[in-house]
Amino acid sequence: MKTVFAKTAGLTDRVTHYCPGCTHGIIHRLIGEILEEMEIIGKTVGVAPVGCAGFCENYFACDIIGAAHGRAVAVATGAKRAHPDRVVFTYQGDGDGASIGLAETVSAAARGEKLTSIFVNNAIYGMTGGQMAPTTLLGMKTATSPYGRDESMGYPLDLPKLLAQVRGAAYVASVSVDNPQAVREAKKALKKAFQVQLDGLGYSFVSILSTCPTNWGVTPVEALEWVRTKMKPYFALGELKVPAEEGGGEE
Amino acid sequence: MAILMKGNEAIAEAAIQAGCRLFCGYPITPSTEIPEYMAKKMKKAGGTYLQAESEVAAIYMVYGAGAAGARVMSGTSSPGFSLMQEGLSYLFAAEIPCVIADVMRGGPGLGGLGPTQADYFQLTKGGGHGDYHPIVLAPATVQEMIDLTKEAFDLADIYRNPVILAVDGILGQMMEPVEFPGTYKAKILPAKTWAADGCEGRPKNNVISYYLSSEAGEADNLRWGKKMAQMQAAEQRFAELSLDDAEYAFVAFGTSSRITETAIDMLRSEGVKVGLFRPISLWPFPVEGLQKRVPQIKGWMSIELSAGQMVQDVRLAVNGRAPVGFYGRQGGMIPEPEEIVAAFKTQILQGGVQR
Ligand SMILES: Cc1ncc(C[n+]2csc(CCOP(=O)(O)OP(=O)(O)O)c2C)c(N)n1
Ligand code: SF4
């Protein structure tokens, strides 16, 4: 019998702990597939965040180092500088990468660290039970913005847009996984980000709009709709920066 | 052949000779010669000097490189060392070998640039969260900085534990004649089969620091407790001076031990039988060596560049069997030998301190 679809070798056989309807799972699969298709499972070191993806070492088939909250990019920098021939990626939530770890993210981009960051933006702190994140939209109710985020709490940070201004960032993309077409585009962006690293061009960063039905208090289907109607209009989408030979960069 | 070298540079050169090929740090006085030397020499040695955006990032770069199996170090001074405490707690829990030098300066706060030993508690008691101790080594000469730096890398690998070099600002800045490669003989070390450096040809490795159940958490902590007990049994280091006939003893490390040596000469010339017990490992504190001297010593005195931190460990070791005095200067000030002699007379000879 012909196999038409198989679980990727880039993931282990463990059942994930993610909530039903959470798109962390889709993003894991895409990364697993890319590790397999690019034949880099054995030469990749992933760095896990603190957040809902903090147990991802159970799921990815490559070696994983668990970082402290916000420090994944610094940890990845150390691993990559120690082993420049390895592929190194971070997998981080928006709180991890854009709040507590913002300095690490921007600085690694400025240094042009040859590693790849995957930034999962669900507009909330999932792991700790739904508090306000740096990406929480204005008006959005969370456990620490119970009446809705207002201006006194600041504005949602569009990190990929910021990073696209940074010289050492070679590739910056912002994608979504809310429908099959979007998933295919997300995979393309992720693959390109890994390729940019393999080509030694600099820092590559892919932001992925993601759902948190549990803490948004909606069904999985409503969550996808919320990504489309609320998040997509606010956050810049697409390839925000491409390598110089494709017409990107400051040169 | 002996050459003249600054303490901070000696640490950096010894680290390179010990096979350290990655240094991640952020400049801070009085430790800046360490990153500067690394920036100058690492590339030629085939390694990398990496200037981090902060000490927070630096310690996690060390964490990532160490987790991937590399010999890696950082060097900083007190305020930077404070920023590294969360990382040190993680390094301990993830069992990642690395070496950190803390060239201590005045505190608290931004403090001053002068030398102190006031990070003693933070160094030896586990400055970050949770039950842990790094190994802490305190050299007293520039030559000893070389030998202990080399040894620190091996101890880190053997125990899979961060090892810290506790250096006061004077030692970091002072020039003394030194010999390379020094006296330390490298040990045969276990292969880093646990490292996360790509799983080609072997099952995958994870280097992590959390546990999902309290039962697993307790089991991990008990295992680390055993490891720390092993370090306490095997790694207590100290040196002694003029203790064999002594009735009184000073306890001091680093620069304060060297000033105390002069005070001992002065007191001996007056006929007072006094010697020096110099801890080289601040953690594990050399309790056993100190306690061997307890029966003969009628009075102890801890000399420190702080408000009196190590004196607590001295009191615990002496355990009430003799009076324990303390004298120190703070904020970057250094005691004169005469001050130490005077304090010793009032506190110990004239019975100013009780046991
Ligand atoms: C130093 C520190 N501060 C706070 C926390 C608590 N904490 C754990 S995960 C998290 C936020 C996670 O949110 P995000 O990064 O957006 O990831 P998500 O869980 O939504 O995927 C916080 C605040 C921590 N572990 N460490
Ligand atoms: S809490 Fe939210 S982000 Fe975390 S697994 Fe559940 S749905 Fe996903």
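The values are calculated or read from the model by the stated rules, or taken from the named source; none is laboratory data. Just so we're clear, the structure is a prediction, and the values are computed from it rather than from any experiment. Every residue, glycine among them, receives a Cβ derived from its backbone with ideal geometry; neighbour counts consider all protein chains shown. For accessibility, only protein heavy atoms count, side chains too; no ligands or nucleic acids. Shrake-Rupley method; radii C 1.70, N 1.55, O 1.52, S 1.80 Å.
With (1) surrounded by fewer than 24 Cβ atoms within 10 Å (Cβ to Cβ); (2) more than 16 Å from ligand 2 (Cβ to nearest atom) as the list, and A:PHE55 as the residue in question, which single condition is left unmet?
Failed condition: (2).
So which residues in segment A:182-216 are within 16 Å of ligand 2 (Cβ to nearest atom) and not hydroxyl-bearing (Ser, Thr, Tyr)?
A:ILE208, A:LEU209, A:CYS212, A:PRO213, A:ASN215, A:TRP216
Restricting the search to segment B:36-51, which residues are more than 8 Å from chain A (Cβ to nearest Cβ) and open to solvent by 10 Å² or more (accessible area, probe 1.4 Å)?
Matches in segment B:36-51: B:GLU36, B:TYR37, B:ALA39, B:LYS40, B:LYS41, B:LYS43, B:LYS44, B:ALA45, B:GLY46, B:GLY47, B:TYR49, B:GLN51.
Could you check segment A:106-131 and list, in sequence order, the residues that are within 8 Å of ligand 1 (Cβ to nearest atom) and assigned to a loop (DSSP other than H, G, I, E, B)?
Matches in segment A:106-131: A:ASN122, A:GLY126, A:MET127, A:THR128.
Report, by residue number, each residue of segment A:96-105 that is within 13 Å of ligand 1 (Cβ to nearest atom) and surrounded by fewer than 24 Cβ atoms within 10 Å (Cβ to Cβ).
A:SER99, A:ILE100, A:LEU102
If I filter segment B:260-296 down to residues being in a helix (DSSP H, G or I) and polar (S, T, N, Q), which single residue comes out as least open to solvent (accessible area, probe 1.4 Å)?
Applying the first criterion (in a helix (DSSP H, G or I)) to segment B:260-296 yields B:260-269, B:287-296.
So of that shortlist, the ones also polar (S, T, N, Q) come out as B:260, B:262, B:269, B:291, B:296.
On the way: B:THR260: 0, B:THR262: 64, B:SER269: 97, B:GLN291: 72, B:GLN296: 58 Å².
Here the answer is B:THR260.
In segment A:71-95, which residues are within 16 Å of ligand 1 (Cβ to nearest atom) and in a helix (DSSP H, G or I)?
Residues satisfying the conditions are A:ALA72, A:VAL73, A:ALA74, A:VAL75, A:ALA76, A:ASP94, A:GLY95.
How many residues are within 16 Å of ligand 1 (Cβ to nearest atom) and within 11 Å of chain B (Cβ to nearest Cβ) when one looks only at segment A:3-46?
2
Can you tell me which of B:ARG21, B:ARG105 is at pLDDT 95 or above, assigned by TED's automatic domain parsing to the domain that holds B:VAL207 and open to solvent by 30 Å² or more (accessible area, probe 1.4 Å)?
B:ARG21
Please specify each residue of segment A:217-246 satisfying the condition of being over 30 Å from A:GLY200 (Cβ atoms), surrounded by 14 or more Cβ atoms within 10 Å (Cβ to Cβ) and among the β-branched types (Val, Ile, Thr).
A:VAL218, A:VAL227
Just for segment B:68-93: of the residues that are surrounded by 24 or more Cβ atoms within 10 Å (Cβ to Cβ) and among the aliphatic types (A, V, I, L, M), which one is nearest to B:SER54 (Cα to Cα)?
B:MET84
Within 16 Å of ligand 2 (Cβ to nearest atom), under 17 Å from A:ASP158 (Cα atoms) and open to solvent by 10 Å² or more (accessible area, probe 1.4 Å): which single residue out of A:GLY93, A:GLY126 fits that description?
A:GLY93
Any residue in segment A:181-190 that is in contact with a strand residue (DSSP E or B) (Cβ under 9 Å, 6 or more places away or on another chain), within 16 Å of ligand 1 (Cβ to nearest atom), modelled with pLDDT of 95 or more and not hydrophobic (A, V, I, L, M, F, W, C)?
Among the residues of segment A:181-190, not one is in contact with a strand residue (DSSP E or B) (Cβ under 9 Å, 6 or more places away or on another chain), within 16 Å of ligand 1 (Cβ to nearest atom), modelled with pLDDT of 95 or more and not hydrophobic (A, V, I, L, M, F, W, C), which makes the answer no.
If I filter segment B:159-181 down to residues being over 17 Å from the mean Cα position of the chain (by Cα) and among the aliphatic types (A, V, I, L, M), which single residue comes out as surrounded by the most Cβ atoms within 10 Å (Cβ to Cβ)?
Going residue by residue through segment B:159-181, those that are over 17 Å from the mean Cα position of the chain (by Cα) are B:174-181.
Now narrow it down to the ones that are among the aliphatic types (A, V, I, L, M): B:174-175, B:178.
Working: B:MET174: 19, B:MET175: 13, B:VAL178: 23.
Checked segment B:159-181; the qualifying residue surrounded by the most Cβ atoms within 10 Å (Cβ to Cβ) is B:VAL178.
Residues checked against (1) away from chain A (no Cβ under 12 Å); (2) touching a residue at least 60 places away in the same chain (Cβ under 8 Å):
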site	(1), (2)
B:GLU13	yes, yes
B:PRO27	yes, no
B:ILE34	yes, yes
B:GLU53	no, no
B:TYR63	no, no
B:PHE81	yes, no
B:GLY87	no, no
B:PHE92	yes, yes
B:ILE96	no, yes
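How many residues are farther than 20 Å from A:GLY25 by Cβ and either among the hydroxyl-bearing types (Ser, Thr, Tyr) or within 16 Å of ligand 1 (Cβ to nearest atom) (or both) if we restrict to segment A:191-229?
4
If you go through segment A:113-123 one residue at a time, how many are away from ligand 2 (no atom under 15 Å from the Cβ) and open to solvent by 10 Å² or more (accessible area, probe 1.4 Å)?
Within segment A:113-123, the subset away from ligand 2 (no atom under 15 Å from the Cβ) is A:113-117.
Then keep just the ones that are open to solvent by 10 Å² or more (accessible area, probe 1.4 Å); that gives A:114.
Within segment A:113-123, residues that are away from ligand 2 (no atom under 15 Å from the Cβ) and open to solvent by 10 Å² or more (accessible area, probe 1.4 Å) number 1.
For segment A:9-52, enumerate the residues that are away from ligand 2 (no atom under 16 Å from the Cβ), surrounded by fewer than 18 Cβ atoms within 10 Å (Cβ to Cβ) and in a loop (DSSP other than H, G, I, E, B).
The answer is A:ALA9, A:THR12, A:ASP13, A:MET38, A:GLU39.
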